[in-house]
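Below you'll find the structure, written out as structure tokens, and then a few comments.
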Amino acid sequence: MDILAPQQRSRLMSRIRGKDTAPEMRVRQVAHGLGFRFRLHRRDLPGSPDLVFPSRQKVIFVHGCYWHRHPGCRYAYSPKSNAAFWCSKFEANVTRDRRTTRELEALGWGVLVVWECETRDTDALRKRLVEFLNNEEEGRGHDR
Ligand SMILES: [Zn+2]
């Protein structure tokens, strides 16, 4: 369903593609509030993850639902105009995201994807971050 006017769409796209998006800021705020230390956009890692927790060897990506195709999410609707063009764009994004996750995991990093729509519920977000960041099973490689 094409529910956004072109002007809204371009604003949405620029927000989703840029760094320091509102969803990303929300995740940073929550992680910071929980007392976790992290770095931003480390370019020496595959996909330059949005948040990097070096001492825990974990990373978090904050993905826009539309641009990164959140499965089953209402924000990941398909545009009606230029459908083929957008389809190939979306496919490239999803493929890149999968490859990035594989590469990071192969290097021993734990990877969490937080979707844009999941950052609206601060309590749920806080819980997820705590679970992910305190879980010793994720990250630090699989051959401990
Ligand atoms: Zn979503």
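What follows draws every value from the coordinates through simple rules; no lab data is involved. All figures in this text were calculated on a predicted structure; none of them were measured in a lab. Cβ: placed from backbone, ideal geometry, glycine included. Neighbour counts: every protein chain shown.
Side notes on the structure shown:
- For W115, distant residues with modelled amide H under 5 Å away: H63
- Under the Debye formula (equal points on every Cα, no solvent term), log10 I(q)/I(0) of the stretch 6-134 at q = 0.16, 0.20, 0.22 Å⁻¹: -0.82, -1.22, -1.41
- Two-decimal ratio, the stretch 76-140, of alpha-carbon radius of gyration to 2.2 N^0.38 Å: 1.46
- Loop-located trypsin sites (Lys or Arg not before Pro) in the stretch 69-115 (DSSP state not H, G, I, E or B) with no more than 14 neighbouring Cβ atoms inside 10 Å: R74, K80.
- Taking the DSSP bridge list for the stretch 32-117 and keeping only pairs wholly inside it, about 45 percent are antiparallel.
- Karplus-derived 3J(HN,Hα) values for the stretch 36-43, using 6.51 cos²θ - 1.76 cosθ + 1.60 with θ = phi - 60°, are 7, 9, 8, 10, 10, 6, 6, 6 Hz; glycine and proline are entered as x.
- Packing rank of 122-132, 44-54, where each peptide gets the mean count of other beta carbons within 10 Å, highest leading: 44-54, 122-132
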